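**Q** I'd like to ask you about the structure that follows.
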Amino acid sequence: MPELPEVETVRRGLLPVMEGQVIAQATVNRDGLRWPFPEGMAARLTGARVNTLRRRSKYILADLSTDETLLIHLGMSGRMLISGQMLGSFHHDHPAPQKHDHVVLDMAGGARITFNDARRFGAMDLMPTATAETHPLLAALGPEPMGNAFDESYLVARLKGRNTPIKSALLDQHIVAGLGNIYVCETLYRARIAPATKAGALTAKQVAALVPIIREVLAEAIEAGGSSLRDFRQADGELGYFQHSFQVYDREGQPCVTPGCSAKIERMVQSGRSSFYCPICQR
Ligand SMILES: [Zn+2]
């Protein structure tokens, strides 16, 4: 499932072929994905210029010249493919249409952007740009983890007195937007905090230390995505999924990477999600 860094990687991959470009032809091949597509989506997209391509949490938002904003959510298995344009020194011909190509955007610049989603948990919607922040999927989101509103005093205030485990608190999209299971596991390992610790039991100093760690973990993953972007472009034009090495995530039974620590990474289930942690380093 794509997390914030993967979505940011997809956004950056789409930037050169979408931002500032006109959608010459939008083709919509089904009525909807997770939810129905908005009425007349193909017609409303066709002819629109993409003024800005931005990201909020795990959503990509394209602000259009029609004063509407296109929201794109990759869901569990959504993929974006670019074809038909020079990308670096490589050229991808338009591939034969695939079974799960649900939305195709032919850009005036010559690129074709295909949204393929086999499991159909993805979403696309259109809303007035002026009220985009009040869209049901966006309205309740907390601040962006990389943004200025997410700082030490904010997080200390939000976690104060909370009885929930820190793992669950950081996954709570009302507290901070876009953090998922993988990067919360990595953050807590670096912060040396056990995932089951009650959020309210942490000292203000421990909570404050989480903020730069969260940013660092995400920035490293976005950086890894950036390097993979070049490879993906060269490979097949598909954006978004990249190999990234984790220190605890999915490493159950493997040695802790902290120098001098002889423990093995353990896994436990919290609220139905796997938490990976070092029983020695994280207290
Ligand atoms: Zn350890």
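**Q** Give the whole-number value, in cubic angstrom per residue, of the convex hull volume spanned by the C-alpha atoms of region 4-134.
**A** 98 Å³
**Q** So which cysteines of the chain have no other cysteine's Cβ under 4.7 Å from theirs?
**A** When partners are defined as cysteine Cβ atoms under 4.7 Å apart, the chain leaves C185 without one.
**Q** Using 0.36 nm per residue of separation minus the Cα-Cα distance, give me the extension gain between A263 and K198 in nm, one decimal.
**A** Contour length minus Cα-Cα distance gives 21.1 nm.
**Q** Now, a different point. Under a Cβ-Cβ cut-off of 14 Å, what is the net charge of the residues other than Y59 that fall near it, where Lys and Arg count +1 and Asp and Glu count -1?
**A** -1
**Q** Please give the length that would be gained between Q254 and A139 if that part of the chain were fully extended, namely 0.36 nm times their separation in residues minus their C-alpha to C-alpha distance (nm, one decimal).
**A** Using 0.36 nm per residue and subtracting the Cα-Cα distance, I get 37.4 nm.
**Q** Another question, then. Run lengths n ≥ 4 of DSSP H only: what is the helix-derived mean residue ellipticity at 222 nm for the chain, with -39500 (n - 2.57) per run over all residues, to the nearest 500?
**A** Mean residue ellipticity, 222 nm, calculated: -8500 deg cm²/dmol.
**Q** Would you mind checking the tilt of helix 204-235 against the longest principal axis of the Cα atoms of the chain, expressed as 0 to 90 degrees and rounded to 10?
**A** 40 degrees
**Q** Pairing the Cα long axis of helix 4-18 with the longest principal axis of the chain, what angle in degrees results, from 0 to 90 and rounded to the nearest 10?
**A** So the inclination is approximately 20 degrees.
**Q** Hey, if you drop one equal point scatterer on each alpha-carbon of region 152-277 and run the Debye formula without solvent, what base-10 log of I(q)/I(0) do you get at q = 0.14, 0.22 Å⁻¹?
**A** Log10 I(q)/I(0), no solvent term: -0.66, -1.29.
**Q** Next question, about the same structure. What full-extension length gain, to one decimal in nm, is calculated for E220 and N51 as 0.36 nm per residue of separation minus the Cα-Cα distance?
**A** 58.0 nm
**Q** While we're here: Using the Karplus curve 6.51 cos²θ - 1.76 cosθ + 1.60 with θ = phi - 60°, what ³J(HN,Hα) values do you get for each residue of region 39-44, in whole Hz, with x for Gly and Pro?
**A** Per-residue couplings from phi come out as 3, x, 4, 4, 5, 6 Hz.
**Q** I would also like to ask the following. Quick one: which residues, 5 or more positions from T164 or on another chain, have an amide H under 5 Å from its amide H? H modelled 1.01 Å from N in the peptide plane, none for Pro or chain starts.
**A** Amide H neighbours of T164: A199, G200.
**Q** Taking the convex hull of the alpha carbon atoms in the chain, what volume per residue do you get, in Å³?
**A** Convex hull volume per residue, Cα atoms: 136 Å³.
**Q** Extending each Cα 7 Å along its Cβ direction at Q206 and A130, get the distance between those two points in nm, one decimal.
**A** Going by the 7 Å Cα→Cβ label model, 4.8 nm.
**Q** Could you work out the local net charge near V50, counting Lys and Arg as +1, Asp and Glu as -1, over the other residues with Cβ closer than 15 Å to its Cβ?
**A** Result for the local shell: +2.
**Q** For Y277, what charge total do you get from the other residues with a beta carbon under 13 Å from its beta carbon, if Lys and Arg give +1 and Asp and Glu give -1?
**A** Net local charge, Y277 excluded: +4.
Coordinate-derived values only; no laboratory data. What you see is a predicted model; the values in this text were computed from it and never measured. Using ideal geometry, Cβ is built from the backbone for each residue, glycine included, and neighbour counts are taken over all protein chains shown.
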